[in-house]
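Undergrad: Quick one: the structure is below, and I'll ask about it shortly.
The values are calculated or read from the model by the stated rules, or taken from the named source; none is laboratory data. These numbers come from a predicted model, not from an experiment. Quick reminder, even Gly has a Cβ in these numbers, built from the backbone with ideal geometry, and neighbours come from all protein chains shown.
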Amino acid sequence: MPFLNHAFFFYAFIVSFQTPELALNEVVQKVNPKMVKIYGSGGFKGLPAYGTGVLISPNGYVLTVANHLMESSDLRVHLYDGTRLPAKIVAIEPELDAALLKIGTDKSQFDDLPFFDIMSAAKTPQALPGTSILAFSNQFQIASRDEPMSVMRGNIAAFAKLFGRIGIFEAPYSGNVYVVDAITNNPGAAGGIITNRKGDILGIIGKELRNEQTNTWINYAVPINAEIEIRLTDGTTKKISITNLIEKKEAYKPVTKANKALGGGGYSGIFYVPNVVDRTPPYIEYLEPGSPAQKAGLQPDDLIVYVDGLPVVSITSLQELMLKYRPQDRVQLEIRRGDKLQTITVQFELPPKANATKVPESKGK
Amino acid sequence: MSSLLLLVGVIEIMVAQNSLEELQEKAVQAAVQRVSPSLVQIETTGGTEMIMGGAAPKGRRPGPATGPGVRKGSGPTTGLVVSPDGYVVSSAFNFANKPTSIIVSTSDGKRYVAKVVATDQARMVTLLKIETTGLLVPEAAPLGKLQVGQTAIALGRTLGGSPGAPPSVSMGIVSALGRIWGRAIQTDAKISPVNYGGPLIDLQGAVLGLLVPASPQADGETAGFEWYDSGIGFAIPLEHINSVLEKLKQGKDLRKGLLGITMQSPDMYAAEVIIGSVVPNSGGFKAGLKAGDKISAIDGKSVQNHAQLLHQLGPKYEGDLVSLTIVRGKDEIKLDKIILSGTLASPPLGFFGILPMRDDPAKGVQVRYVFPESGAARAGLKEGDRILKAGLGADITKAAPTTEIANRDALATLLSTATLGQFLAVEVKREDGTTLTLKGPIEQSTSFMPDKPPEKSSLAKLDKEPEKKAEIGTIKKQNAAGDRNYWVSVPINYDPRTSYALMVWLHPAGKGKDKDLDDLFGTWDQFCAQYKIIMIAPRCDADLGWTPGESDLILESIRYGTETYNIDRKRIVAHGMGTGGQMAFYLAFQQRDTIRAVAAVGASLGATPKERIANQALSFFLAVGDKDPIRETVLDTAKKLSDFQYPLILREMKDMGHQYFNSITFDLMATWIDLLDRI
């Protein structure tokens, strides 16, 4: 196998100049003191009153997930050595699904806690699919007080967007996440971390979420260098990131995102077949004469299969996708006409006033 | 030279100590890169939300965890190029919801309309065709060289969006070979809809197999789905797929090869391989296998139990040849070149042609109606005749032995053993007091629907007032657990002395609100009173529709009906629309001893129907609007059911979409329910 021999030699050469790697148990020993267990008051039906967090400063700032625990009035944190401390919420950013806590009281201050340097960790390159990882969390509350986290081993499966169960815009975080091939997202695991095999932090383990694309539970972590652009209510956009949240601390103000129905949909002049079954295929039934869709060249019986590159499963999902456009926006529709695919660009207009009674909505809804 | 070699050796040792994992990561990424141009992304439009049907794993209770009902995700799925001229294979699971349109995107981002060419139904692998050339075909790892424990990497194209992005990766090892009766490789990599249809590769980037859900206990597209991401995953060897590729390209589905025998003992491991029965016209039947034969070897390999036989038979297809050694009495017989069957043809259902009177207190069966042109009509039976004795014979010119017939059920049981070409001899007493012996041929069950069978259907004695008054009108009931409820509609003219049909309404997704049920009961009211039907409407829990785990609630509501009212067990009908219709199919095939008929509106059967069972009649009434988007799949369902010789009425409603009945169909269905106890 010439390929393998070559690879072997090549990588061997590089490795020999680096510091020897830590053994797995050493990595675990290095990471564990930086992890905390979080407890809230119970009372949330079916939801665990415990979670996980990670220390990100020597004076007791903790990064975790923005979940139901944050509504708890008396948050408590257990450090690695079993020290039990109250915690207060510093900032929550729902768009990043992240929360920042501060532990300790006026009387108990820290300046020497072990921690992850998130600012420098965020500068390391993206981990590729196939990278082996370790996951640290307080899943199922197996650990208590001074017991270490549950550690799992797995691999990065993908770096991909989340598609939540409710609708494609409803996932807690809209950027790319690390999907992993270990079953990490268990009750209480949210706020835990995944690291590479050297123990460098890669991401924050997310909530338990069913993936709309596959209808299966998905295991994921929000990357530490998460940065997304959010469209605000006033129409402008703003970049938000975990590093920004950490840097600003108390000064951090979460953004107010614009409603998902951004454009409210423009007028195209398309009538679809009645939307009656679970997944009615979006066949065009009728086009209003002179409408943008008709002028663009669409025809009855065309089946719309992609909207700006996003696949369309049914009329319902098509209508959901169309909501983000507004008059004057252009949309690229890929249609199936017989056995041929065609791309047609339609520019939305304002609904014609004369035909106000014929607003283009699916008739069958 | 030698010092250089030494140096390399030293470095290798350091590597072994320090960074095997890093090496593995790089090797994995290289292997993935090598095969990823052969991965395609598959997107579908339309189809059903839920995939119902398929067989529940044998010997296990169907429930939410193991049930065959699966909600189909909306994301893309994965396929693998198998020839440069546009052939792609994928898991049949990815098309189990019968999508309207399939689009394949190759790794260069180009999109193509794809057609399903054929499916290997034994391994649940589907072959697709796109119109292109020059696709990259991956290398198949030689099956003979696979080792348990070697690295196995599962790849998929669901996550990550674009078809050119790196595929998703799940790492594992080969856990076992020859699984699923010799058909699959087992791996502990995480296998799920994320990578069904994608390849399982080795560290060199050669393809071990195609990832599919699979289970040794069940067949069908969704079998084994319950094990997703569990560390129990399966792949069909690519080498094997390549070996049947030419056959699949012909466009004909490949089916599992069957001998057509059942075992005397249900114990797969402890009992000897003794044949319990041989299905007529099957390969085993034609080869002369008989009940009581003991199979001692197949293709020269000795077998001690049924499981070993299945292991040898598992990889084979319809049309393949096997040789058997059997022990019959003291003889050892070798049977060569037995041609395996693909389906076991159900014999057509025998039908005589009468409708019996119900609630008959007297001995025998009084004829309510004689179907025109039926065997009964040709025998000369008339309405009002009372059948006292009956018997089956092979030759109509000769007499047949008859035995006394106690009631309607006894006659039906006798008929369930009848085959076409036999005749039924009956001794009848006419209304004028004369006694005759009549003979008529057993014929294939007909879908003929008389306009109106005689209204009088019951011989219940109505002289005495019933002791107990039953609740009538709309009754709201709660299940025993107290967390769910169901409605019951009893006609105001209900009389506990006469028997009623029971119709279980399984509403479509999202149509289980009070108003919906009120409306439905309202529309059926007059038909229920006229045709003596009691309706029960359980409600499903989720907005998205019924799940197989809800069978228990439905059965509980049926039990309430049968225990509280006078219900004719021959006429318990599961009636549903949309996902409710799918649930009706599912329920009927799972609860054969309870459900006698399915009336489904705008709903299709997900999987292949199960075989008919003698004396557990199951009839179907399918209605679909001729403009319903799922019309084609309903027609396909009708075809499948009639292939299995189930009595079937298919009604296409003119100028209708995905809608409930028009008025003509109400009448038709009510009449059909009235005819369910025909003999």
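Undergrad: Any residue that is assigned to a strand (DSSP E or B), surrounded by fewer than 24 Cβ atoms within 10 Å (Cβ to Cβ) and more than 13 Å from the chain's Cα centre (by Cα) - is there at least one of those in the stretch A:203-214? Steps first, answer last, please.
TA: Step one: of the stretch A:203-214, the residues assigned to a strand (DSSP E or B) are A:203-205, A:209-211.
Still in the list and also surrounded by fewer than 24 Cβ atoms within 10 Å (Cβ to Cβ): A:209-210.
Right, trim to more than 13 Å from the chain's Cα centre (by Cα) and you get none.
For the stretch A:203-214, residues assigned to a strand (DSSP E or B), surrounded by fewer than 24 Cβ atoms within 10 Å (Cβ to Cβ) and more than 13 Å from the chain's Cα centre (by Cα): absent.
Undergrad: I need the full set of residues from the stretch B:430-470 which are among the acidic types (Asp, Glu), more than 19 Å from B:ASP568 (Cβ to Cβ) and in a loop (DSSP other than H, G, I, E, B), in order please. Steps first, please.
TA: First, the residues of the stretch B:430-470 that are among the acidic types (Asp, Glu): B:431-432, B:443, B:451, B:455, B:463, B:465, B:467.
Next cut, more than 19 Å from B:ASP568 (Cβ to Cβ) only: B:431-432, B:443, B:451, B:463, B:465, B:467.
Scanning the stretch B:430-470 gives B:GLU431, B:ASP432, B:ASP451, B:ASP463, B:GLU465, B:GLU467.
Undergrad: Does B:LYS190 qualify as being over 30 Å from A:TYR178 (Cβ atoms), basic (Lys, Arg) and within 14 Å of chain A (Cβ to nearest Cβ)? Explain how you work it out, then say what you get.
TA: Values: over 30 Å from A:TYR178 (Cβ atoms): no; basic (Lys, Arg): yes; within 14 Å of chain A (Cβ to nearest Cβ): yes.
Judged against the criteria, B:LYS190 is not a match.
Undergrad: Kindly indicate whether any position in the stretch A:185-199 is in a strand (DSSP E or B), farther than 18 Å from B:MET171 by Cβ and not β-branched (Val, Ile, Thr).
TA: Our first condition is that a residue be in a strand (DSSP E or B); within the stretch A:185-199, this holds for A:193-196.
Applying the additional criterion that residues be farther than 18 Å from B:MET171 by Cβ yields A:193.
Within this subset, residues satisfying the condition of being not β-branched (Val, Ile, Thr) are none.
Checking the stretch A:185-199: not a single residue is in a strand (DSSP E or B), farther than 18 Å from B:MET171 by Cβ and not β-branched (Val, Ile, Thr).
Undergrad: Let me ask something else. Applying the selection to the stretch A:166-189, what residues are at pLDDT 80 or above and at the interface with another protein chain (Cβ under 10 Å from one of its Cβ atoms)?
TA: Step one: list which residues in the stretch A:166-189 are at pLDDT 80 or above, which gives A:173-189.
Matches in the stretch A:166-189: A:ASN176, A:VAL177, A:VAL179, A:VAL180, A:ASP181, A:ALA182, A:ILE183.
Undergrad: Hey, another quick one. Give me a count of the residues in the stretch B:26-49 that are more than 7 Å from chain A (Cβ to nearest Cβ) and in a strand (DSSP E or B).
TA: 5
Undergrad: Can you name the condition, by its number, that A:THR343 falls short on among (1) assigned to a strand (DSSP E or B); (2) in contact (Cβ under 8 Å) with a residue 60 or more places away in the chain?
TA: Failed condition: (2).
Undergrad: Right, something else. If a residue counts only when it is of a type in the set (Val, Ile, Thr), which strands (runs of 3 or more DSSP E) contained entirely in the stretch B:579-679 have at least 2 such residues?
TA: Hits in the stretch B:579-679: B:597-601.
Undergrad: Oh, and also: For a quick check of your reading of the model, give me the residue pairs whose first member lies in the stretch B:539-560 and is at pLDDT below 85, whose second is acidic (Asp, Glu) and in a helix (DSSP H, G or I), with beta-carbon atoms closer than 8 Å and at least 6 apart or on different chains.
TA: Sorted first by the residue in the stretch B:539-560, then by its partner, the pairs are B:ASP541/B:GLU550.
Undergrad: To continue, here is another question. Filter the stretch B:245-278 down to the residues that are surrounded by fewer than 20 Cβ atoms within 10 Å (Cβ to Cβ), more than 20 Å from B:GLN312 (Cβ to Cβ) and at pLDDT 90 or above and list them by number.
TA: Scanning the stretch B:245-278 gives B:LEU245, B:GLU246, B:LYS247, B:LYS249, B:GLN250, B:GLY251, B:LYS252, B:ASP253.
Undergrad: Report whether or not B:ARG612 is among the charged types (D, E, K, R) and under 17 Å from B:LEU502 (Cβ atoms).
TA: Values: among the charged types (D, E, K, R): yes; under 17 Å from B:LEU502 (Cβ atoms): no.
Taking the combined requirement at face value, the residue does not satisfy it.
Undergrad: Would you check if there is a residue in the stretch B:442-465 being of a type outside the set (A, V, I, L, M, F, W, C) and on the phi > 0 side of the Ramachandran plot?
TA: Let us first name the residues in the stretch B:442-465 that are of a type outside the set (A, V, I, L, M, F, W, C), namely B:443-447, B:450-458, B:461, B:463-465.
Subsequent filtering for residues that are on the phi > 0 side of the Ramachandran plot retains none.
No, the stretch B:442-465 contains no residue that is of a type outside the set (A, V, I, L, M, F, W, C) and on the phi > 0 side of the Ramachandran plot.
Undergrad: At pLDDT below 90 and buried (at least 24 other Cβ atoms within 10 Å of the Cβ), is that true of B:THR579? Write out each step before concluding.
TA: Working: at pLDDT below 90: yes; buried (at least 24 other Cβ atoms within 10 Å of the Cβ): yes.
Spelling it out, B:THR579 is indeed at pLDDT below 90 and buried (at least 24 other Cβ atoms within 10 Å of the Cβ).
Undergrad: Take the stretch B:626-652 and flag every residue that is within 13 Å of another protein chain (Cβ to nearest Cβ) and at pLDDT below 90.
TA: Taking the stretch B:626-652 first, the residues within 13 Å of another protein chain (Cβ to nearest Cβ) are B:627-634.
Within the stretch B:626-652, B:LYS627, B:ASP628, B:PRO629, B:ILE630, B:ARG631, B:GLU632, B:THR633 meet the criteria.
Undergrad: Being surrounded by fewer than 22 Cβ atoms within 10 Å (Cβ to Cβ) and modelled with pLDDT under 90 is the filter here, so list the residues in the stretch A:68-94 that pass it.
TA: A:HIS68, A:MET70, A:GLU71, A:SER72, A:SER73, A:ASP74, A:PRO94
Undergrad: Hey, among B:LYS398, B:LYS337, B:LYS330, which residue is surrounded by fewer than 18 Cβ atoms within 10 Å (Cβ to Cβ), more than 29 Å from B:LEU641 (Cα to Cα) and in contact (Cβ under 8 Å) with a residue 12 or more places away in the chain?
TA: Among B:LYS398, B:LYS337, B:LYS330, only B:LYS337 is surrounded by fewer than 18 Cβ atoms within 10 Å (Cβ to Cβ), more than 29 Å from B:LEU641 (Cα to Cα) and in contact (Cβ under 8 Å) with a residue 12 or more places away in the chain.
Undergrad: Next question. Among the candidates B:ALA607, B:ALA617, B:ALA623, B:ALA597, single out the residue that is in contact (Cβ under 8 Å) with a residue 40 or more places away in the chain, away from every other protein chain (no Cβ under 14 Å) and more than 25 Å from B:PHE351 (Cα to Cα).
TA: After ruling out the rest, the residue left standing is B:ALA607.
Undergrad: A follow-up question, please. Looking at B:ALA501, is it at pLDDT below 90 and small (Gly, Ala, Ser)?
TA: Values: at pLDDT below 90: no; small (Gly, Ala, Ser): yes.
Spelling it out, it is not the case that B:ALA501 is at pLDDT below 90 and small (Gly, Ala, Ser).
Undergrad: On the given criteria, is A:ASN196 within 13 Å of chain B (Cβ to nearest Cβ) and surrounded by 18 or more Cβ atoms within 10 Å (Cβ to Cβ)? Write out each step before concluding.
TA: Values: within 13 Å of chain B (Cβ to nearest Cβ): yes; surrounded by 18 or more Cβ atoms within 10 Å (Cβ to Cβ): yes.
So A:ASN196 passes the test.
Undergrad: Determine whether A:ASP106 is free of Cβ contacts under 8 Å to residues at least 12 places away in the same chain and surrounded by fewer than 24 Cβ atoms within 10 Å (Cβ to Cβ). Walk me through how you get there before you give the answer.
TA: Values: free of Cβ contacts under 8 Å to residues at least 12 places away in the same chain: yes; surrounded by fewer than 24 Cβ atoms within 10 Å (Cβ to Cβ): yes.
Against the criterion (free of Cβ contacts under 8 Å to residues at least 12 places away in the same chain and surrounded by fewer than 24 Cβ atoms within 10 Å (Cβ to Cβ)), A:ASP106 qualifies.
Undergrad: Name the single residue that is nearest to B:THR474 (Cα to Cα) among those in the stretch B:546-568 being hydrophobic (A, V, I, L, M, F, W, C) and part of a helix (DSSP H, G or I). Can you show your working first?
TA: Of the stretch B:546-568, the ones hydrophobic (A, V, I, L, M, F, W, C) are B:546, B:553-555, B:558, B:567.
Then drop every residue that is not part of a helix (DSSP H, G or I), which leaves B:553-555, B:558.
Details: B:LEU553: 19, B:ILE554: 17, B:LEU555: 19, B:ILE558: 15 Å.
Among residues in the stretch B:546-568 that are hydrophobic (A, V, I, L, M, F, W, C) and part of a helix (DSSP H, G or I), the one nearest to B:THR474 (Cα to Cα) is B:ILE558.
Undergrad: Return only the number of the condition from (1) within 11 Å of chain B (Cβ to nearest Cβ); (2) under 21 Å from B:GLY161 (Cα atoms) that A:GLY338 does not satisfy.
TA: Failing condition for A:GLY338: (2).
Undergrad: On to the next question. Here are the criteria: (1) assigned to a loop (DSSP other than H, G, I, E, B); (2) modelled with pLDDT of 95 or more; (3) surrounded by fewer than 20 Cβ atoms within 10 Å (Cβ to Cβ). Tell me which single one A:VAL151 does not satisfy.
TA: Unmet for A:VAL151, out of (1) assigned to a loop (DSSP other than H, G, I, E, B); (2) modelled with pLDDT of 95 or more; (3) surrounded by fewer than 20 Cβ atoms within 10 Å (Cβ to Cβ): (1).
Undergrad: When you scan the stretch B:411-424, how many residues do you find that are surrounded by fewer than 17 Cβ atoms within 10 Å (Cβ to Cβ) and either among the small types (Gly, Ala, Ser) or at pLDDT 90 or above (or both)?
TA: Number satisfying all stated conditions: 2.
Undergrad: Is it the case that some residue within the stretch B:506-526 is touching a Leu at 6+ places or on another chain (Cβ under 6 Å) and more than 30 Å from B:GLY364 (Cα to Cα)?
TA: Within the stretch B:506-526, one or more residues are touching a Leu at 6+ places or on another chain (Cβ under 6 Å) and more than 30 Å from B:GLY364 (Cα to Cα).
Undergrad: Also, I was wondering about something else. Contact list please: Cβ distance under 6 Å, first residue in the stretch B:93-121 and within 11 Å of another protein chain (Cβ to nearest Cβ), second residue basic (Lys, Arg) and in a strand (DSSP E or B), pairs at least six apart or on different chains.
TA: Once the first residue is within 11 Å of another protein chain (Cβ to nearest Cβ) and sits in the stretch B:93-121, its partners that are basic (Lys, Arg) and in a strand (DSSP E or B) give B:SER101/A:ARG336; B:ILE103/B:ARG111; B:SER105/B:ARG111; B:LYS115/B:LYS129.
Undergrad: Let me ask something else. Where the second residue is among the aromatic types (Phe, Trp, Tyr) and crowded, with 24+ Cβ neighbours inside 10 Å and the first is over 17 Å from B:GLY314 (Cα atoms) and at pLDDT 95 or above and lies in the stretch B:204-221, which pairs have Cβ atoms under 6 Å and are six or more apart or on separate chains?
TA: Here the result reads B:LEU211/B:TYR196, each pair linking the stretch B:204-221 to a residue that is among the aromatic types (Phe, Trp, Tyr) and crowded, with 24+ Cβ neighbours inside 10 Å.
Undergrad: If I go through the stretch B:151-170 residue by residue, how many of them are closer than 10 Å to B:THR187 by Cα and more than 9 Å from chain A (Cβ to nearest Cβ)? It would help to see each step written out before you state the result.
TA: Restricting attention to the stretch B:151-170, the residues satisfying the condition of being closer than 10 Å to B:THR187 by Cα are B:151-154.
Applying the additional criterion that residues be more than 9 Å from chain A (Cβ to nearest Cβ) yields B:151-152.
Final tally of qualifying residues: 2.
Undergrad: Taking B:ARG571 as meeting all but one of (1) outside any loop (DSSP other than H, G, I, E, B); (2) at pLDDT below 90, write down the number of the exception.
TA: (2)
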